[in-house]
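Engineer: Just dropping this structure here.
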């Protein structure tokens, strides 16, 4: 079976950069994109049927419905000693989408969604997704975190992740920075031994 090329995990590419709550606009245009977000659109979390996230993403992109479902690299070792890189969902089962009622019904008609969850407080979700996207863009090894652990909230003071906020946790002697998606109570972590942090 041929290996498929990596598919986009966000559509349009600048969705999180340009999105903002602006109730005064009748439509939200995305800079550099012909896509316009209709009046009344809001963020929802689609929970997919098992292992159908990428299928839903392809169908949403074909229907020009904005979405973000972060994918991270996972190295797989085959029995022949070869290493393959696969891109897997960071949050299995979840695809975040900015939709109006018509687009939501169109997404539900794809037969890939088990249920959908409205997101009442949208600005924190978008801030969390931006932080996750920024971590993924560093191309450093990331670890999905199923539960958030208590710890000190910190901000990165320098380097490529300057300004990023998260929680510091220790696991097996290594210090990790956890960036959370509060809506899901899940997150992603990376080692931070050489990162300059300040406590908030």
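Engineer: Given labels modelled 7 Å from the Cα in the Cβ direction, how far is it in nm from residue 182 to residue 162?
Structural biologist: For the pair residue 182/residue 162, the computed spacing is 2.6 nm.
Engineer: If N is the number of residues in the range 143-199, what value comes out of its Cα radius of gyration divided by 2.2 N^0.38 Å? Walk me through the intermediate numbers first.
Structural biologist: Details: Rg = 10.6 Å, N = 57, 2.2 N^0.38 = 10.2 Å.
So the Cα radius of gyration is 1.04 times the expected 2.2 N^0.38 Å.
Engineer: Provide the gained length on full extension for the span residue 106 to residue 171, in nm with one decimal, where the gain is 0.36 nm per separating residue minus the Cα-Cα distance. Display every interim value, and only then the final one.
Structural biologist: Working: separation 65, 0.36 × 65 = 23.40 nm, distance 4.32 nm.
Result: 19.1 nm gained on full extension.
Engineer: Next question. Quick one: order 121, 55 by neighbouring beta-carbon count within 10 Å, fewest to most.
Structural biologist: 121, 55
Engineer: Quickly work out the residue 79-to-residue 198 label distance, labels modelled 7 Å from Cα along the C-beta direction, and quote it in nm with one decimal.
Structural biologist: In this crude label model, residue 198 to residue 79 measures out at 5.5 nm.
Engineer: Return the Rg/Rh ratio of the range 96-153 with Cα-based radii and a Kirkwood Rh.
Structural biologist: Values: Rg = 15.3 Å, Rh = 14.5 Å.
Expressed as Rg/Rh, it is 1.06.
Engineer: Starting from 0.36 nm per residue, how many nanometres of slack lie between residue 35 and residue 152 once their C-alpha separation is accounted for?
Structural biologist: Contour length minus Cα-Cα distance gives 38.1 nm.
Engineer: So what's the back-of-envelope 222 nm ellipticity for the chain, counting only DSSP H runs of four-plus at -39500 (n - 2.57) apiece and dividing by all residues, rounded to 500?
Structural biologist: Working: 4 runs with 38 residues, N = 200.
Roughly -5500 deg cm²/dmol at 222 nm, from the helical runs in the chain.
Engineer: Hey, another quick one. Could you check how many percent of all C-alpha pairs in the range 52-200 are farther apart than 23 Å? The partial results should precede the final answer.
Structural biologist: Details: 4871 of 11026 pairs.
I get 44 percent for the Cα pairs in the range 52-200 exceeding 23 Å.
Taken together, the values in this text are just the output of simple stated rules run on the coordinates, not laboratory data. Treat the numbers as computed from the prediction; the structure is a model and nothing was measured. Every residue, glycine among them, receives a Cβ derived from its backbone with ideal geometry; neighbour counts consider all protein chains shown.
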